[in-house]
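Inspection log for the structure reproduced underneath, given as structure tokens.
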There are 2 protein chains.
Amino acid sequence: MHLIRPEPLTPEAFAPFGDVLDTTGAFRLINEGLCQRHHDRARLDFGPDGRAGISIFQAQPRALPYRFDLIERHPEGSQAFLPMTEHPFLVIVATSPEATPQAFLTNGAQGINLYRGTWHGVLTPLHAPGLFSVVDRIGSTPNLEEHRFTEVWTVLAP
Amino acid sequence: MHLIRPEPLTPEAFAPFGDVLDTTGAFRLINEGLCQRHHDRARLDFGPDGRAGISIFQAQPRALPYRFDLIERHPEGSQAFLPMTEHPFLVIVATSPEATPQAFLTNGAQGINLYRGTWHGVLTPLHAPGLFSVVDRIGSTPNLEEHRFTEVWTVLAP
């Protein structure tokens with residue numbers, strides 16, 4: 001069997017794939033000291049023919065162990081997933097279709113921004129409602145590549 | 001006294017000020033039917049010298065009745081507040097500094113996008129953690145105007 005053990009999402013481990021969007025690190029105090037602004041945390045890239053857009057995704061919750069045989073990527077743009085709940089969610093990424101995929105679990109207060117072209121699994125919340133704000137490329141040209149594995153991968157409970 | 005009764009946030013009532021970002025209305029099914037994509041819901045505008053960025057805000061929770069005497073606007077860019085929790089938050093907006101401000105309460109599954117130039121109160125969560133993803137203008141030129149009222153406004157409990 002092809003088994004993957006998820007690890008906690010950290011900026012260091014996720015660096016090849018994208019940004020971790022959370023309240024760690026430096027900030028500016030705004031609003032008379034009542035708000036921390038963790039400024040400009042995502043490397044956004046919508047390509048030459050795209051623009052930024054905000055969409056709302058509602059995905060069906062999954063459970064661990066989770067089986068998948070599909071990854072995808074968006075060659076023309078980055079894609080940020082910003083949870084609208086405090087529930088951890090599962091993030092699957094791969095450096096290439098030939099590589100072993102990696103799985104991460106968020107801590108409930110983290111979003112992610114997948115860099116343009118990063119191979120990733122579909123959105124996989126682990127709790128209802130699977131509600132996310134998504135900042136990705138709006139454009140009229142193709143922006144999806146899919147890879148179907150010949151065998152099924154299973155993400156285990158941590 | 002200057003009293004404001006908050007109303008539920010609806011797209012119709014909020015139309016002069018910005019977009020309501022939620023899962024109402026039309027969507028595309030993606031990810032083999034397991035995810036609803038409510039596509040490109042915000043009118044983003046970052047001006048001629050700006051670009052989109054994602055920042056994370058953590059604001060101190062407030063309580064109702066809530067007193068304020070300051071509103072602000074960003075003349076060079078739209079600003080979206082996307083809650084990272086399921087808690088309702090308070091939204092204060094005004095058509096101008098001379099107008100009576102209006103207050104809205106979200107339903108716990110709504111973000112907002114303030115149009116470029118909309119007068120608004122500072123970010124006012126009503127529950128901890130006051131955690132939000134913010135999509136606004138990143139740029140090097142001034143983008144903040146403030147207006148201090150001569151009297152204090154009070155937002156009442158609904």
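The values are calculated or read from the model by the stated rules, or taken from the named source; none is laboratory data. This structure is a prediction, so every number in the text was calculated from the model and none was measured. Quick reminder, even Gly has a Cβ in these numbers, built from the backbone with ideal geometry, and neighbours come from all protein chains shown. We work out accessible area using only protein heavy atoms, side chains counted, and drop any ligands, DNA or RNA first. Shrake-Rupley method; radii C 1.70, N 1.55, O 1.52, S 1.80 Å.
Among the numbered conditions (1) assigned to a loop (DSSP other than H, G, I, E, B); (2) at the interface with another protein chain (Cβ under 10 Å from one of its Cβ atoms); (3) buried (at least 16 other Cβ atoms within 10 Å of the Cβ), tell me where residue A:80 comes up short.
Result: residue A:80 fails condition (1) only.
Determine, yes or no, whether residue B:72 is crowded, with 19+ Cβ neighbours inside 10 Å, among the charged types (D, E, K, R) and more than 7 Å from chain A (Cβ to nearest Cβ). Give the steps one after another, and end with the answer.
Values: crowded, with 19+ Cβ neighbours inside 10 Å: no; among the charged types (D, E, K, R): yes; more than 7 Å from chain A (Cβ to nearest Cβ): yes.
So residue B:72 does not fit the description; no.
Taking residue B:157 and the conditions (1) within 23 Å of residue A:83 (Cβ to Cβ); (2) not in a strand (DSSP E or B), which numbered condition does it fall short on, given that it satisfies the others?
If we test residue B:157 against (1) within 23 Å of residue A:83 (Cβ to Cβ); (2) not in a strand (DSSP E or B), just (1) comes out false.
Those residues that are touching a Ser or Thr at 6+ places or on another chain (Cβ under 9 Å), more than 22 Å from residue B:83 (Cβ to Cβ) and open to solvent by less than 30 Å² (accessible area, probe 1.4 Å), I need them from segment A:3-49; list them, please.
Selection gives A:4, A:17, A:46, A:47.
Which of (1) open to solvent by 50 Å² or more (accessible area, probe 1.4 Å); (2) free of Cβ contacts under 8 Å to residues at least 24 places away in the same chain is the odd one out, the single condition residue B:63 does not satisfy?
Here residue B:63 clears every test but (2).
Would you check if residue A:158 is modelled with pLDDT under 95, more than 10 Å from every other protein chain (Cβ to nearest Cβ), open to solvent by 20 Å² or more (accessible area, probe 1.4 Å) and at negative phi?
Numbers: modelled with pLDDT under 95: yes; more than 10 Å from every other protein chain (Cβ to nearest Cβ): yes; open to solvent by 20 Å² or more (accessible area, probe 1.4 Å): yes; at negative phi: yes.
Yes: the conditions hold for residue A:158.
Would you check which residues across segment B:115-127 are under 26 Å from residue B:52 (Cβ atoms), within 12 Å of another protein chain (Cβ to nearest Cβ) and of a type outside the set (S, T, N, Q) and list them? Steps first, please.
Initial filter on segment B:115-127 (under 26 Å from residue B:52 (Cβ atoms)): B:115-125.
Checking the rest, the ones that are also within 12 Å of another protein chain (Cβ to nearest Cβ) come to B:120-125.
Within segment B:115-127, B:120, B:121, B:122, B:123, B:125 meet the criteria.
Based on this model, can you work out whether residue B:96 counts as under 19 Å from residue A:37 (Cβ atoms), in contact with a strand residue (DSSP E or B) (Cβ under 8 Å, 6 or more places away or on another chain) and open to solvent by less than 60 Å² (accessible area, probe 1.4 Å)? Give the derivation first.
Values: under 19 Å from residue A:37 (Cβ atoms): no; in contact with a strand residue (DSSP E or B) (Cβ under 8 Å, 6 or more places away or on another chain): yes; open to solvent by less than 60 Å² (accessible area, probe 1.4 Å): yes.
Considered against the rule, which asks whether it is under 19 Å from residue A:37 (Cβ atoms), in contact with a strand residue (DSSP E or B) (Cβ under 8 Å, 6 or more places away or on another chain) and open to solvent by less than 60 Å² (accessible area, probe 1.4 Å), residue B:96 comes out as no.
Does residue B:121 count as open to solvent by less than 50 Å² (accessible area, probe 1.4 Å), at pLDDT 95 or above and out of contact with any strand residue (DSSP E or B) (no Cβ under 8 Å at 6 or more places or on another chain)?
Considered against the rule, which asks whether it is open to solvent by less than 50 Å² (accessible area, probe 1.4 Å), at pLDDT 95 or above and out of contact with any strand residue (DSSP E or B) (no Cβ under 8 Å at 6 or more places or on another chain), residue B:121 comes out as no.
Report, by residue number, each residue of segment B:8-65 that is within 9 Å of chain A (Cβ to nearest Cβ), in a loop (DSSP other than H, G, I, E, B) and of a type in the set (A, V, I, L, M).
B:34, B:42, B:44, listed by residue number.
Take the residues in segment B:98-114 that are in a strand (DSSP E or B) and out of contact with any Gly (no Cβ under 6 Å at 6 or more places or on another chain); name whichever of them is farthest from the other protein chains (Cβ to nearest Cβ).
If we take residues in segment B:98-114 being in a strand (DSSP E or B) and out of contact with any Gly (no Cβ under 6 Å at 6 or more places or on another chain), then B:102 is farthest from the other protein chains (Cβ to nearest Cβ).
Can you report the number of residues in segment B:135-144 which are under 16 Å from the mean Cα position of the chain (by Cα) and either on the phi > 0 side of the Ramachandran plot or surrounded by fewer than 21 Cβ atoms within 10 Å (Cβ to Cβ) (or both)?
1
Testing residue A:64 on (1) within 13 Å of the chain's Cα centre (by Cα); (2) more than 28 Å from residue B:115 (Cα to Cα), one condition comes back false. Which one is that?
Here residue A:64 clears every test but (1).
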